[in-house]
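The values are calculated or read from the model by the stated rules, or taken from the named source; none is laboratory data. These numbers come from a predicted model, not from an experiment. Note that we place each Cβ from the backbone using ideal geometry, even for glycine, and neighbour counts take in every protein chain shown.
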Amino acid sequence: MELVITDLDGMLLDRETHSFAGVAPALELLRRHGTPLVLCTSKTRVEAKYWRRFLENCDPFIVEDGGAVFVPETFLPRPIIVPAHSFPVYRSTRGEGAPGNRH
């Protein structure tokens, strides 16, 4: 699968005007080819969702400098199932997040 990952500010959106008119032809070309446009930004989820609606973008997006990745359920052909036991569980008796208290 081909996809395009881009920042919003200064790349997709003009740094001064926040207009995307300069890249509108490229956005249309991506839509015609069915190429996902993944927005990657330092903005919060709420800010990114605003720009996704404005750009009519329904593809995955990355916020807060990579702090979170959101993939719409409709984007993947089938669900990804990750067993709960594959994530470590940390419990602390010496204070929050104390190392060495993995159970």
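Say whether the condition of being assigned to a loop (DSSP other than H, G, I, E, B), modelled with pLDDT under 90 and either touching a strand residue (DSSP E or B) at 6+ places or on another chain (Cβ under 9 Å) or of a type in the set (Val, Ile, Thr) (or both) is met by at least one residue in segment 52-60.
The initial filter retains those residues of segment 52-60 that are assigned to a loop (DSSP other than H, G, I, E, B), namely 55-60.
Now drop any that are not modelled with pLDDT under 90, which leaves none.
No.
Among the residues of segment 2-51 satisfying the criterion of being assigned to a helix (DSSP H, G or I) and in contact (Cβ under 8 Å) with a residue 40 or more places away in the chain, which is farthest from the chain's Cα centre (by Cα)?
Kept after step one, since they are assigned to a helix (DSSP H, G or I), are these residues of segment 2-51: 21-33, 45-51.
Those still in the list that are in contact (Cβ under 8 Å) with a residue 40 or more places away in the chain too: 48, 51.
Numbers: 48: 8, 51: 12 Å.
Per the criteria, the residue is 51.
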